[in-house]
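Worksheet: the structure to be examined is printed underneath.
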Amino acid sequence: MDLKDFGTDRLNMFAALAAIDSAAKDDRIRGLCATSTSLSMLSSADYEELRAAVNKFKMMSNKPTVFYSESLDSLAMYHFATAFDKIAVQPLGDIATGMSRNFFFIGEFLKRWGVRFEKTQSGKHKSFLDTFTRNDMSSENREQQERILSSVYQELLTSISSAREISVKALQKVFALGPFNSVQASSLDLIDDACHAPDAYRRGFQDIFASGAKGLRTVSFTNYITPLLLTPSAERVAQIVKDKDGNELLESTSSVFPSNLTSPEVPTVRRVELVPVVTCHGEITSGKSLSKRTIGAETLCRILAKLESKPQVETIILRLDTPGGSGIASETIWRQIKELRSKGKKVIVSMGSVTASGGYYIASAANEIVASKTTITGSIGVFAMIPNIDRLLEKYGVSVDAVSRGGNLEKALKVDMMKVRRRVEIMNQLFQHRVAEGRGLPRKLVDGLAGGRIWSGDDARALGLVDHLGGLEVAMMRAFKISEFKPDIIVFKEIPCVESPFFSGFEPYADTLGLSKIFQAWESLSYLFELRNKLETISTAPQVEMRADLSGLESIVGHP
C-alpha cells in the first residue's frame, strides 16, 4: 500500500490509522511505502502518530516498508521516515538535521499605515498579539519558544537514535555538521540508499521479487479506503491484544473496509460497546461549524447533547486540534462536557497537533487527556484586542457618521479599556479555576503554569496537564480501561464536527470521485462566510479570546 494522499489537508487520522492496521492483516498487501511529496504538510504530532502506526504495522505483519524522498526538508519528516525498514533519497536530494522557528512581526508596518491596537492580556507569555504590536520577540516568548523547540528536538533525536541504532551523543555530533546531501547521509548511515524511486522499491521489496513477483502494483491510501464512502462516517471495530513482549495493542477485528477483509464475519464476543469519536479541527467559534476550519460551539454541543441521550454510549472520545478561539464559545462547550459527565458519561480528549488556550479550556473538563509528545498545549490565559484605525481613515479622507435612538451613542462607541481589562481578568481567573478543578491541581500551581505559557505534550504530562502520552489509538485503548462495561470489543464511530456530515464523510475521497472542485468551492464559500462574520464582530465589539500563538510553528507543526 502506498501512503499517497496522506499529506493533503483532508488527512483523516481516524481513517489513516484504521487503514494501516487493516493492511497489516490483509494478505493482498505485501508491503508499505511512502513518499515525502505526499506527506509534506503534516505536523510533528501527525508524523508521531503515523510513525507509531508504521512501527505497529511492521511488528504485526512482518511486511517490508520503504520510504522514498526526493529530499527530506524537515527533521520531523526524517523522524517519520526512520520508522521504515529502508530509507532512500534521490541522489541530488538533501537531508535536514536541525529545526528552527521563524516569527513575523508587522507592528511597524501597521503603525506606518495608521493602524494600532488597544490590547490587554493575562500573563507575559501570551504572545499572540505580539505579531501585531511588536517588531521582535519578547524575552518571555523567546524563553518558552526555545524550551518547546528543545523539548521537541530532544524527543526526535532520541527516537531517531533508537531507530537508526546510533547513540544520541554521536547523532548530536553528526546533526551539528548538517544538513547533508543524500550521498553523505548514506555514508553516515542516516539513510540506506541514495537512488531513484524504482531502484528504492526494487531493493526495498527484494524479498517480494525473489518470491517470483514480476513487478509491483501499488494501491493508494485513498483507493484502499474508498469503501468508507458507503457511510457518512467511519467505523472501526477493535479489541486489545498483547504482543510477544506482553505490551497491549489496539487491533482491528472487523471494520467498514470490506476490501480489506478476506472474511467479513463479525467475531463472536460477549460484550460490545459503541464509542463515538468526535473529531474537531480549527478555531473555536460561536455558532455552527460550516467547514472543517472551525469548531462551532452550537454544532459541537448539539452533537454531544445527542450522544448524552443515547443509553448505549458510555464513553466519548473528543479529538481536538485547535489553537483556541472565542472564550465564550469555549465556556459553552466546557459546560456541555460537564453536563455529559454529570449524566455518567466519560469523556476522553485526544489532542492532535495543537490543543491550546481555548482548546485546553475545553479539554480540562474531560475525564482524561491524551497527547502526543510533540503536541503543543497549554497557553492558559486570555487576551483582548481592539483595533484603532482612526489615523488610517483620516489619512485617506474616510469619515464615519451615525444616527441613534436611546442611550448615549458617543459613550456606546467608545471602548472603556478598564472594563475590558476587568473582563479579561475575570475570564482568566475562571480559566484557571476550570483547570485546577478539572485536573485536580492546586490553584497556586496552575497560576505558575498559566500566564499564556505553552508546553510540549511531553512537558505537559510531567506537569500534570496531560494524563497519557500517545495518539488517537492510545485514547481508544483508554476507552477500554475506563469503561465500567469492560467490553471485549469496541465499535469506534467517527462523528465529524461539521454541519454537513454528508460532505464531510465523502470529502477525503474527493480526488477519487472527481469532486475536488466542488469541495474546494464549498470550502471557499464557507471560509468567506466565516471571515465576514469575524470581521463584523471585530468591528463592533472588543474581542476576548483564548488563543495560542502559532506563527512560528512552520518547522514543527508544518503549517504555512
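The values are calculated or read from the model by the stated rules, or taken from the named source; none is laboratory data. Please read these numbers as outputs of a predicted model, since none were measured by experiment. A quick note on method: Cβ atoms are made from the backbone with ideal geometry, for glycine too, and the neighbour counts reach across all protein chains shown. These area figures cover heavy atoms from the full protein model, side chains too; ligands, DNA and RNA do not enter into them. Shrake-Rupley method; radii C 1.70, N 1.55, O 1.52, S 1.80 Å.
Out of (1) of a type outside the set (Val, Ile, Thr); (2) under 30 Å from Gly31 (Cβ atoms); (3) in a strand (DSSP E or B), what's the single condition that is false for Gly178?
It is condition (3) that Gly178 fails.
Determine which member of the set Thr315, Thr294 is in contact with an Asp or Glu (Cβ under 7 Å, 6 or more places away or on another chain) and either open to solvent by 10 Å² or more (accessible area, probe 1.4 Å) or touching a residue at least 40 places away in the same chain (Cβ under 8 Å) (or both).
Thr294
If I ask for residues that are among the small types (Gly, Ala, Ser) and closer than 30 Å to Phe132 by Cβ, which ones from the range 62-118 would you list?
Step one: of the range 62-118, the residues among the small types (Gly, Ala, Ser) are 69, 71, 74, 76, 81, 83, 88, 93, 96, 98, 100, 107, 114.
Within the range 62-118, Ser74, Ala76, Gly98, Ser100, Gly107, Gly114 meet the criteria.
What are the pairs, 6+ residues apart or on separate chains, where a residue within the range 32-49 that is closer than 18 Å to Leu156 by Cβ and at pLDDT 90 or above has its Cβ under 7 Å from a residue that is open to solvent by less than 20 Å² (accessible area, probe 1.4 Å) and part of a strand (DSSP E or B)?
Filtered contacts from the range 32-49: Ala45/Gly352; Ala45/Ser353; Asp46/Ser353.
I'd like the full set of residues that are of a type in the set (A, V, I, L, M), in a strand (DSSP E or B) and either closer than 14 Å to Val278 by Cβ or open to solvent by 10 Å² or more (accessible area, probe 1.4 Å) (or both), limited to the range 343-369. Reasoning before the result, please.
Quick first cut of the range 343-369, residues of a type in the set (A, V, I, L, M) only: 347-349, 351, 354, 356, 362-363, 365-366, 369.
Narrowing the set further to residues that are in a strand (DSSP E or B) leaves 347-349, 351, 354, 356, 369.
Residues satisfying the conditions are Val347, Ile348, Val349, Met351.
Step by step: first the residues of the range 37-48, then only those that are assigned to a helix (DSSP H, G or I) and open to solvent by 10 Å² or more (accessible area, probe 1.4 Å), then the one that is nearest to Asp321 (Cα to Cα). Which residue is that?
Restricting to residues being assigned to a helix (DSSP H, G or I) and open to solvent by 10 Å² or more (accessible area, probe 1.4 Å), the top hit is Asp46.
With the condition kept exactly as written, say whether any residue in the range 188-197 is β-branched (Val, Ile, Thr), open to solvent by 20 Å² or more (accessible area, probe 1.4 Å), within 21 Å of Thr82 (Cβ to Cβ) and in contact (Cβ under 8 Å) with a residue 24 or more places away in the chain.
No, there is no match, as no residue in the range 188-197 is β-branched (Val, Ile, Thr), open to solvent by 20 Å² or more (accessible area, probe 1.4 Å), within 21 Å of Thr82 (Cβ to Cβ) and in contact (Cβ under 8 Å) with a residue 24 or more places away in the chain.
For the range 396-492, list the helices (runs of 4 or more DSSP H) that sit wholly inside it and hold at least 3 residues that are in contact (Cβ under 8 Å) with a residue 12 or more places away in the chain; which are they?
Fully inside the range 396-492 and qualifying: 417-439, 443-449, 457-463, 472-482.
Of all residues in the range 49-64, which are crowded, with 20+ Cβ neighbours inside 10 Å and within 15 Å of Lys86 (Cα to Cα)?
Passing the criteria: Arg51, Val54, Phe57.
Quick one: what pairs do we get from the range 83-112, first residue more than 23 Å from Ala163 (Cα to Cα), second open to solvent by 70 Å² or more (accessible area, probe 1.4 Å) and of a type in the set (A, V, I, L, M, F, W, C), C-beta under 9 Å, 6+ apart or different chains?
Partner pairs satisfying both residue conditions: none exist.
Can you tell me how many residues in the range 1-25 are at pLDDT 85 or above and surrounded by fewer than 20 Cβ atoms within 10 Å (Cβ to Cβ)?
Count: 1.
Right, Leu340: in a helix (DSSP H, G or I), in contact (Cβ under 8 Å) with a residue 40 or more places away in the chain and among the hydrophobic types (A, V, I, L, M, F, W, C) or not?
Working: in a helix (DSSP H, G or I): yes; in contact (Cβ under 8 Å) with a residue 40 or more places away in the chain: no; among the hydrophobic types (A, V, I, L, M, F, W, C): yes.
Taking the combined requirement at face value, the residue does not satisfy it.
Could you tell me whether the range 202-216 includes any residue that is among the hydroxyl-bearing types (Ser, Thr, Tyr), within 26 Å of Ser71 (Cβ to Cβ) and either surrounded by 12 or more Cβ atoms within 10 Å (Cβ to Cβ) or modelled with pLDDT under 85 (or both)?
no
Quickly run through the range 250-293 and pick out the residues that are in a strand (DSSP E or B), among the hydroxyl-bearing types (Ser, Thr, Tyr) and modelled with pLDDT under 90.
Ser252, Thr253, Ser254, Ser255
Conditions first: (1) in contact (Cβ under 8 Å) with a residue 40 or more places away in the chain; (2) in a helix (DSSP H, G or I); (3) more than 14 Å from the chain's Cα centre (by Cα). Ala305 passes all but one, so which condition is the exception?
(1)
Looking only at the range 334-364, count how many residues are of a type in the set (A, V, I, L, M) and over 19 Å from the mean Cα position of the chain (by Cα). Can you show your working first?
Of the range 334-364, the ones of a type in the set (A, V, I, L, M) are 337, 340, 347-349, 351, 354, 356, 362-363.
Those still in the list that are over 19 Å from the mean Cα position of the chain (by Cα) too: 337, 340.
Result for the range 334-364: 2.
Find the residue count for the range 451-504, including only residues that are aromatic (Phe, Trp, Tyr) and surrounded by 17 or more Cβ atoms within 10 Å (Cβ to Cβ).
The total comes to 4.
Among the numbered criteria (1) under 23 Å from Ala460 (Cβ atoms); (2) open to solvent by 10 Å² or more (accessible area, probe 1.4 Å), which single criterion is violated by Leu110?
(1)
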